[in-house]
Amino acid sequence: MGQIAAQVSGSQEKGHSYASIMARFLSFGTQYIDEAVVFGLTQGVDFKYRKGEQGVPSRVFALAGNLDLDILLAGDVPNTWYGAGEFPWKNIREALRKNQVVLLRVNPQYLVYHGKQNINHSDYLIAAVCYMETDGLLGIIDPQYHGPQYLIVEDLAEAMYRCSAEYRYGYWVVSDRIVEITEQKLRKALYTCAKHMLFDADAYSGISAMHLFAQEMLRWKEEVKDWKWSALYCCSLLLNYGQKSGCRSLYADFLTRAARIIPELDKVRVPQKMQRITLLWDELAANLYAITRTVDNSLIFQTAGVLKKIAVEEERLYSMILSVLSGSAQSGQGKQVVNEN
């Protein structure tokens, strides 16, 4: 395994669906990569405010960006998500027959092996690793389980159909498992995430979305009929993303590892600042749950205040990251370490 990959790797797993499944899939032989590194390199934190999406409460948010494996994998063949108007079973089966792994977007509530588990993701990632044609069963890797799970084709089709409309029938045939981590890639991932959070043109995404959500939360009781259910849904989402901190604890772990390669991050205590921000997310989750148990309007105001504070602290943090990267832009240009199987 490459030197940088070894330095940034750790052992913690916090259960974020996309990153966890990819960390498990990409760790083989002498190559090991953990969930925090996958998350930081391929997704990063996000905040998307959604209003009135079909099938979920009227005021909710999302907490992570879209998976982009190309920044992580070393192969020359582009990896991309595909979608279809109908269940793409022919393409999935063909890939499995070639011993390729297929990533699948599903609604976990329609995975029969989950039983009665309440997992509040309308989109979720599993990996199909084989198809046993004589039995008609798909072998599945799911981040919620240590061992393999199994689905019949019809159940997979239902779970893929029940995704949110933008992800319905989404799949990704992974052409390469060799991971390449360089200092340049770390810098690019940090820059992309910080720039998105600070300057995204969509007002419902990034820091601006946090301010907007906090502002509208103050009017929940007057404008939102299902405001208690919205609060419960958001709280459940935070809990499902691990340790109540909205992926921020996962990103803090990534920043700690990245600081081993980019010491300027440690000099201004970027990882420590993100760790403190995770505590505010924990407070937000606790407040959202408390809202579901009371009619006291003051708690909604208090919760909106916590989210505003998070927005201010994260804005400072991402601005600091951009400043660090700008000030040390030349230091990592020549370094490149490639993982070896």
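The values are calculated or read from the model by the stated rules, or taken from the named source; none is laboratory data. Fair warning: this is a prediction, and the values are worked out from it, not measured in the lab. No Cβ is skipped: glycine too gets one built from the backbone with ideal geometry, and neighbour counts run over all protein chains shown.
In table form, for the structure just shown:
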{"read-out": "Matching residues in region 144-172 - criterion: being within 21 Å of Asp70 (Cα to Cα) and either free of Cβ contacts under 8 Å to residues at least 40 places away in the same chain or in contact with an Asp or Glu (Cβ under 9 Å, 6 or more places away or on another chain) (or both)", "value": "Glu166, Tyr167, Tyr169, Gly170"}
{"read-out": "Residue in region 291-311 that is surrounded by the fewest Cβ atoms within 10 Å (Cβ to Cβ), counting only those that are without any contact (Cβ under 8 Å) to a residue 60 or more places away in the chain and polar (S, T, N, Q)", "value": "Ser298"}
{"read-out": "Residue match in region 230-245 (condition: free of Cβ contacts under 8 Å to residues at least 24 places away in the same chain and basic (Lys, Arg))", "value": "no"}
{"read-out": "Those helices (runs of 4 or more DSSP H) lying entirely in region 162-257 with at least 2 residues surrounded by 20 or more Cβ atoms within 10 Å (Cβ to Cβ)", "value": "183-199, 207-217, 227-240"}
{"read-out": "Residues of region 89-107 classified as under 17 Å from Tyr124 (Cα atoms) and part of a loop (DSSP other than H, G, I, E, B), total", "value": "1"}
{"read-out": "Within region 1-38, considering residues that are modelled with pLDDT of 70 or more and in a loop (DSSP other than H, G, I, E, B), the one surrounded by the fewest Cβ atoms within 10 Å (Cβ to Cβ)", "value": "Thr30"}
{"read-out": "Test for Ala214: is it touching a Phe, Trp or Tyr at 6+ places or on another chain (Cβ under 9 Å), closer than 28 Å to Trp281 by Cβ and among the aliphatic types (A, V, I, L, M)", "value": "no"}
{"read-out": "Qualifying residue in region 64-82 (condition: modelled with pLDDT of 85 or more and either out of contact with any Lys or Arg (no Cβ under 6 Å at 6 or more places or on another chain) or closer than 25 Å to His211 by Cα (or both))", "value": "no"}
